[in-house]
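Following: one structure in structure tokens, then a few remarks.
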Amino acid sequence: MKMQMVTCVAPVNIAVIKYWGKRDENLILPLNSSISITLSPTQLRAKTTVALSKDFEKTRIWLNAVEQNPDNPRLQNIIRKIKHRAFRCNGEKNGQANKEDMLNWHLHICSENNFPVSAGLASSAAGYSCLVAAMANLFEVEGDLSGIARLGSGSACRSMYGGFVEWDLGHCSDGSDSLARQIAPCDHWPELRALLLVVSEQPKTVSSTLGMQNSVNTSELLRSRVECIVPRRLAELRASIAEKDFEKFAQICMKESNQFHAICLDTYPPIGYLTEVSDQIIALVHRFNKLCERLKVAYTFDAGPNACLFLMEEDVPRFLSLIRHFFRPVNNGPENFIHGLPVDVP
Ligand code: 2P0
């Protein structure tokens with residue numbers, strides 16, 4: 001069987017200014033812009049292989065070895081968009097098959113994560129960005145791909161770039177300007193470290209997609225956040241990154257996380273993503289910062305109980321020893337935390 005095949009790896013990204021709420025569910029257009037940090041793909045990553053053959057009878061997809069329904073509209077949107085872009089730059093491929101023929105062939109997609117899915121660790125961001133990168137490679141599509149990754153999962157558009165990334169909400173109704181861009185490369189702030197504390201590997205009880213729909217429909221706090229708070233915080237966070245001002249960065253980061261979870265509680269019925277252990281981590285960070293008489297560590301929590309801590313490299317050993325003291329790994333298993341250096345996507 002003749003087959004074209006591409007494998008790609010993509011990293012997760014951790015939002016500092018959170019995306020929570022859409023103005024368009026189909027095009028996945030957010031209510032506010034967001035800023036994230038892309039982590040190293042050597043640690044948490046999705047790996048996707050896409051194969052194309054005229055002998056495949058239908059399109060099939062496997063996620064962590066379990067076959068999924070290929071009729072998922074988000075997946076179909078991505079396939080359609082990539083093929084559309086490929087068609088626009090139509091040409092000969094490998095001197096054999098015409099690209100136009102290839103566009104009618106079926107795909108086999110195989111994706112795996114090396115970390116728990118649906119546990120608030122940005123698995124869909126890594127998964128969809130990886131799929132888009134692999135498909136673009138296969139069909140020789142070039143240029144910005146964040147708008148296509150966004151159609152898989154909003155946060156996926158930010159994983160298309162390394163370092164510090166902003167997803168602009170955009171203003172066009174067709175979503176053409178709702179794209180991600182790098183605002184600083186990872187080597188801009190090489191001392192910055194991310195420490196992930198895995199509190200639970202259980203899938204979340206309320207998906208992000210459903211949770212944010214409910215927040216948009218019921219939370220009054222969300223409206224004032226989007227209109228009054230996020231624009232100011234975006235500007236402040238950009239400045240803190242440009243100046244490498246960790247204390248400023250840390251304060252915005254923690255306040256953002258707290259406000260996001262306040263909105264989840266303001267949603268009706270309320271959504272509680274944090275657990276007692278999450279609260280203990282928050283308390284420990286504040287006590288450590290108070291002891292140091294300055295902000296040395298910042299936490300942020302996404303749609304799950306797992307913590308992402310940001311700190312300077314020089315403070316990692318001291319803070320890790322505190323974590324090891326207060327939070328013992330379950331069942332004497334491997335330590336449930338990983339520290340990573342944000343690096344560029346290769
Ligand atoms: C973020 N989260 O900015 C925020 C913070 C979770 C909390 O983006 O519906 O999986 O697929 O666009 O991208 C999670 O939302 O949701 C998310 P969809 P997505 O990272």
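Readers should treat all values here as calculations from the given coordinates under stated rules, not as data from a laboratory. Since the model is a prediction, treat every value here as computed from it, not as a measurement. All Cβ positions, glycine included, derive from the backbone under ideal geometry; neighbour counts span all protein chains shown.
Tabulated results
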| quantity | calculated |
| --- | --- |
| Average silhouette area of the range 170-227, convex hull of alpha-carbon atoms, in square nanometres | 7.3 nm² |
| The chain: relative contact order as a whole-number percent, Cα under 8 Å and 6+ apart | 22 percent |
| Long-range HN-HN contacts of ARG60 with modeled amide H, under 5 Å | LEU107, HIS108, ILE109 |
| Ranked packing of 283-293, 137-147, most packed first, by mean Cβ within 10 Å | 137-147, 283-293 |
| Stretchable slack from THR42 to ILE183, in nm (0.36 nm times residue separation minus alpha-carbon distance) | 48.6 nm |
| Label-point separation in nm, GLU191 to ASN104, each point 7 Å along Cα→Cβ | 6.1 nm |
| Under 19 Å from the THR59 label point (7 Å along Cα→beta-carbon), backbone N, the range 1-28 | 3-8, 26-28 |
| Alpha-carbon centroids, the range 157-202 and the range 3-78: separation in whole Å | 15 Å |
| Radius of gyration and Dmax over the Cα atoms of the range 157-289, both given in Å | 16.5, 47 |
| Size-normalised alpha-carbon gyration radius of the chain, reference 2.2 N^0.38 Å | 1.01 |
| Under Karplus coefficients 6.51, -1.76 and 1.60, residue-wise ³J(HN,Hα) of the range 263-272 in Hz, glycine/proline x | 5, 4, 6, 7, 6, 10, x, x, 10, x |
| Cβ-defined net charge surrounding PHE115, 12 Å radius [Lys, Arg +1; Asp, Glu -1] | 0 |
